[in-house]
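Presented below is the structure to which this report refers.
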Amino acid sequence: MSTALQDTFLDFPLLTTALRQCAARPEDTQVYASPAAFEAFIRGGGNVPLYECVSVELASHYAPDVHSLLDIGCGDGHALFPALAAAAHPHALERLTLVEPASALMASAVARAQAEQPTLPLQALNEGLGAFAAKLGPDARWDLAQATFALQAIPEPERWAGLARLRAHVKRLVIVEFDIPDLQRGTDAYVASLAQRYERALGEYEGATRELVAQGFLIPMFLGQLDAQTAATNWEHPAPVWREKLEAPGWRVTRLAHISDYFWAPAFMLVAEA
Ligand SMILES: C[S@@+](CC[C@H](N)C(=O)[O-])C[C@H]1O[C@@H](n2cnc3c(N)ncnc32)[C@H](O)[C@@H]1O
């Protein structure tokens, strides 16, 4: 690491503390399989206005002719269920399909569906996009598929192959991701950008919640983006790359717009027709 970068790290006291605490921990953390930290993260700090905005944007796609909805990587439904509640007119859904490989998050999403949408027929598939897309029969159809901050958590070969297969089964795809800076992994500029963004994220939480969010979510994410020894948990891109990768197998992108500012990077919504 260059001296300039070492000096830069002195500007990040929260990150430095969290990294020291992480170094003293014996075990690896599975960020979605043990989701207490992730769930605390998305319910605090800048995630509160972010999720409110995302749910309102999703709700605008639940038109009267949308009868079937697929949520890929739904997590605990923190974007989905407020969106269903926010639809301007009662939504016209006749079935909801959830695809989520993390069992604990899926259990929370199913409990929430039963509490908030008790009459909506539900299919809950505890698997990843790749396994789900690989076994779709010719009659499998949805009016709308959505994925909020989930595609970034899917390794690229599985993600792009899954989305290409999905095109024959879904009329419209709506995704929300972050328009991250276009920096080359491993460069000083990349590391400094990550450090700045994680410092800001840690500053949005306090006390025991900060420690939970740091050790159970943010630091494992940070190390996965930095350190070749730690398994990566997300693979992001600038927004134009998402457009290009979706257009390659034939998706027709009709909207690509920033919808919310956020500590990490602006969130964007991309809408594509099959
Ligand atoms: C950042 S969370 C987003 C969750 C939710 N969509 C939301 O907006 O709060 C990423 C989600 O992607 C899920 N995920 C990880 N690998 C996946 C895969 N191969 N297929 C589908 N979802 C996956 C994770 O379990 C997690 O729930």
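The values are calculated or read from the model by the stated rules, or taken from the named source; none is laboratory data. Note that the coordinates shown come from a computational prediction; the quantities given were computed from them, not determined experimentally. Virtual Cβ from ideal backbone geometry, glycine too; neighbours counted across all protein chains shown. Accessible surface is based on the protein model in full, side chains and every heavy atom, while ligands, DNA and RNA are left aside. Shrake-Rupley method; radii C 1.70, N 1.55, O 1.52, S 1.80 Å.
If I ask for residues that are acidic (Asp, Glu), surrounded by 15 or more Cβ atoms within 10 Å (Cβ to Cβ) and in the same structural domain as GLY75 (by TED's automatic domain parsing), which ones from region 19-63 would you list? If the condition is that a residue be acidic (Asp, Glu), surrounded by 15 or more Cβ atoms within 10 Å (Cβ to Cβ) and in the same structural domain as GLY75 (by TED's automatic domain parsing), then GLU57 is the only one that fits. Scanning region 33-42 for residues that are near the ligand (Cβ under 10 Å from one of its atoms) and modelled with pLDDT of 90 or more yields PRO35, PHE38, GLU39, PHE41, ILE42.
Just one of (1) modelled with pLDDT of 95 or more; (2) out of contact with any Pro (no Cβ under 6 Å at 6 or more places or on another chain); (3) over 25 Å from ALA208 (Cα atoms) fails for GLY128. It is (2). Number of residues in region 1-18 that are open to solvent by 40 Å² or more (accessible area, probe 1.4 Å), at pLDDT below 90 and part of a helix (DSSP H, G or I): the value is 5.
Among the candidates GLN215, GLN146, GLN152, the residue that is assigned by TED's automatic domain parsing to the domain that holds ALA85 and part of a helix (DSSP H, G or I) is uniquely GLN152. Quick check on ALA86: is it within 16 Å of the ligand (Cβ to nearest atom), crowded, with 20+ Cβ neighbours inside 10 Å and more than 18 Å from the chain's Cα centre (by Cα)? Spelling it out, it is not the case that ALA86 is within 16 Å of the ligand (Cβ to nearest atom), crowded, with 20+ Cβ neighbours inside 10 Å and more than 18 Å from the chain's Cα centre (by Cα).
Considering (1) part of a helix (DSSP H, G or I); (2) small (Gly, Ala, Ser); (3) open to solvent by 30 Å² or more (accessible area, probe 1.4 Å); (4) within 24 Å of GLY128 (Cβ to Cβ), the lone condition that ALA231 does not fulfil carries the number (1).
Taken over region 137-166, the residue count meeting the criterion of being within 15 Å of the ligand (Cβ to nearest atom), farther than 23 Å from GLU57 by Cβ, surrounded by 15 or more Cβ atoms within 10 Å (Cβ to Cβ) and not charged (D, E, K, R) is 3. Checking each residue in region 69-91 for being of a type in the set (D, E, K, R) and farther than 15 Å from ARG43 by Cα picks out only ASP71.
The set of residues in region 167-195 that are open to solvent by 60 Å² or more (accessible area, probe 1.4 Å) and in a strand (DSSP E or B) comprises LYS171, ARG172. Under the condition of being assigned to a helix (DSSP H, G or I) and near the ligand (Cβ under 10 Å from one of its atoms), the residues counted in region 109-136 number 6. The set of residues in region 89-103 being within 15 Å of the ligand (Cβ to nearest atom) and surrounded by fewer than 16 Cβ atoms within 10 Å (Cβ to Cβ) consists of SER103 alone.
Considering region 206-219, and only residues there that are surrounded by 20 or more Cβ atoms within 10 Å (Cβ to Cβ) and of a type outside the set (Val, Ile, Thr), the residue that is farthest from ASP261 (Cα to Cα) turns out to be GLY216. If you go through region 234-256 and pick out every residue that is in contact with a Pro (Cβ under 9 Å, 6 or more places away or on another chain) and of a type in the set (S, T, N, Q), you end up with 0. Would you check if TYR198 is under 15 Å from GLY46 (Cβ atoms), open to solvent by less than 50 Å² (accessible area, probe 1.4 Å) and not β-branched (Val, Ile, Thr)? The answer is yes for TYR198. Just wondering, is there one or more residues in region 58-67 that are modelled with pLDDT of 90 or more, of a type outside the set (Val, Ile, Thr) and assigned to a helix (DSSP H, G or I)? Looking for residues that are modelled with pLDDT of 90 or more, of a type outside the set (Val, Ile, Thr) and assigned to a helix (DSSP H, G or I), one finds at least one in region 58-67, hence yes.
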